[in-house]
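Okay, structure first, notes after.
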Amino acid sequence: PRVCVVGSGPAGFYTAQHILKHHGGAQVDIYEKLPVPFGLVRFGVAPDHPEVKNVINTFTQTARSERCAYYGNVTVGRDVTVPELRQAYHAVVLSYGAEDNRVLGVPGENLSGVYSARAFVGWYNGLPENRDLKPDLSCETALILGHGNVALDIARILLSPLQLLRKTDITDSSLAALACSKVKRVWLVGRRGPLQVAFTIKELREMINLPGARAVLDPADFTGLENAVKDAPRPRKRLTELMMKTALEKPVEVQAVAAGAAAPREWGLKFQRSPQEVLPSADGRRARGIRMALTRLEGSGDSAKAIPTGDVEELECGLVLSSIGYRSLPLDPAVPFDSQRGVIPNSSGRVEGVPGLYCSGWVKRGPTGVIITTMNDSFDTAQSVLEDLQGGVLDISPSREGFGLVESILRSRGVRPVSFSDWEKIDAAEVARGKAAGKPREKIVDPAEMLRIIGH
């Protein structure tokens, strides 16, 4: 059987890995629109979390298998359509993730100084489409809308001492911009309360222990939570207890400031506030603050809803980052898509109404969870493919040409795919450039330069 996987992030690689491991004859081709593989492991994981990127070693082993091939620089839906892939392969798995962000839907969100978390993370991580972002870091106060791990990542990058970032694979240009940054206060704002935050304890602890930055948490936000948290699941309990402990501690810096030392950078969590409007500067061009509706919670736990109380509050800030979630987009008119939920309608990864078409990862279940969540989800889809091969649901008696057919289509459209050994040349160039600067790598952010390196 010939199987094609669209997207080379964790979902694509884990799907391929599982099929190759459990079917001795399957051949899997992975297509990726960028020349370089690994999706959000490369472009989403924070530069100061190198250990999370270790899965790249496993993915590299998969890609080097003689039954696996990687074709980068191929945009499915444009360079080759899904119906064309279905003619070339017995099964097609869509694992292309969530390449857009949810919008706030409030007045002023298009002012300069307002960015999506997705674009900002892409900028410091070297995602080609965000390389020209040039965020304005000339203000003292930044406000991040969202209480997830991505929001904490951004806060940490904004407030981290430069010497910590210099040793990471953060891009050269974003390092230069952060070196001139005036930001010294970051507020993380959420519509709901401390019991509904989506970040995890590891990320919170890292933020609390960040050198040169102090946490500003209001003890009043945690009043009466001791009882509510008693019956909560253990991770939620530990997370809330850490926030409570931090809110009640008197920081050492207070004495230092009293003694005349400069105030350090600071960050804090604000709860039960929902953005109503980004307020414009006098010339109407840029953000100068945000108006928020105060909310009250109806219900409890994860299902609690934030209801506006009618009261509002304004907060001055020159930088607004919206970290309210990523969003998948439809890829090809031939593929059903639920635009309300932003997923491909499916059952255990089998795309509804289209036999032989599957999906895995964020486009299958929505943009939530960490790499391990995606791994389990992808194994689940791969299992569906294997079951359909075994049960004869997928007819493999007509032989399919696989890449042979796709290659002639791509050639006729002037598209030259990038192989995995091409990527390894780009990888070697990045590592060499990084070595010169004392970093693990210096990412190349321009696809044209990537293609020049491999002589395309």
Contact order relative to length for the chain, counting C-alpha pairs under 8 Å separated by 6 or more residues, stands in percent at 24
Based only on the alpha carbon positions, what is the Kirkwood hydrodynamic radius of region 1-158, in angstrom?
17.5
Quick one: dipole size for region 103-322, taken about the Cα centre, charges +1 on Lys/Arg Cβ and -1 on Asp/Glu Cβ, in debye to the nearest 20.
400
Would you mind checking the tilt of helix 234-248 against the longest principal axis of the Cα atoms of the chain, expressed as 0 to 90 degrees and rounded to 10?
30
Scan the chain and report its longest stretch carrying no GluC sites (Glu not before Pro) that are both in a DSSP loop and have at most 12 other Cβ atoms within 10 Å.
67-351
Shape parameters for region 266-376, alpha-carbon atoms, Rg then Dmax in Å:
19.6, 57
quick note, the chain, DSSP beta bridge pairs, % antiparallel (nearest 5) is 35
3J(HN,Hα) from dihedral phi, region 318-334, Karplus parametrisation 6.51/-1.76/1.60, rounded to Hz, x for glycine, proline
x, 9, 10, 10, 9, 10, 10, x, 8, 8, 7, 10, x, 9, 7, x, 6
Any lysines whose Cα falls less than 23 Å from that of LYS202, other than same-chain ones fewer than 8 residues away, would be LYS53, LYS167, LYS184, LYS230, LYS237, LYS245, LYS250, LYS270
Just to verify a number: FRET efficiency for SER281 and LEU329, C-beta to C-beta distance, R0 = 30 Å, to 0.05?
0.40
Phi-derived 3J(HN,Hα) across region 430-446 with the Karplus relation (6.51, -1.76, 1.60, θ = phi - 60°), rounded Hz, x for Gly and Pro, is 5, 5, 5, 5, x, 4, 4, 9, x, 10, x, 6, 10, 5, 8, 9, 9
Answer with one residue from ILE19, PHE43, ALA428: the one whose Cα lies farthest towards the positive end of the charge dipole of the chain, charges on Cβ with Lys, Arg +1 and Asp, Glu -1.
ALA428
Sort largest first and round to whole Å: the equivalent ellipsoid semi-axes of region 95-211, each the square root of five times a Cα gyration tensor eigenvalue.
21, 19, 16
Assigned charges on the beta-carbon of Lys, Arg, Asp, Glu; the chain dipole about Cα centre (debye)
660
For region 123-176, alpha-carbon Rg over 2.2 N^0.38 Å
1.16
Could you compute the FRET efficiency for LYS305 and ARG452, with r as their C-beta to C-beta distance and R0 at 45 Å, rounded to 0.05?
0.30
Tilt relative to the chain, helix 55-64 - C-alpha long axis, 0 to 90 degrees, to 10:
10
So what's the convex hull volume per residue for the Cα atoms of region 103-322, in Å³?
143
What ³J(HN,Hα) values, in whole Hz, does the Karplus curve 6.51 cos²θ - 1.76 cosθ + 1.60 give for region 160-176 when θ = phi - 60°, with x put for Gly and Pro?
5, x, 4, 5, 6, 6, 4, 8, 9, 8, 4, 6, 4, 5, 6, 4, 4
Debye log10 I(q)/I(0) at q = 0.07, 0.09 Å⁻¹ for the chain, Cα point scatterers
-0.40, -0.65
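Each value in this text was obtained by applying a stated rule to the coordinates, not by laboratory testing. Keep in mind that what you see is a predicted model, and the values were worked out from it rather than measured. We place every Cβ from the backbone using ideal geometry, glycine too, and count neighbours over all the protein chains shown.
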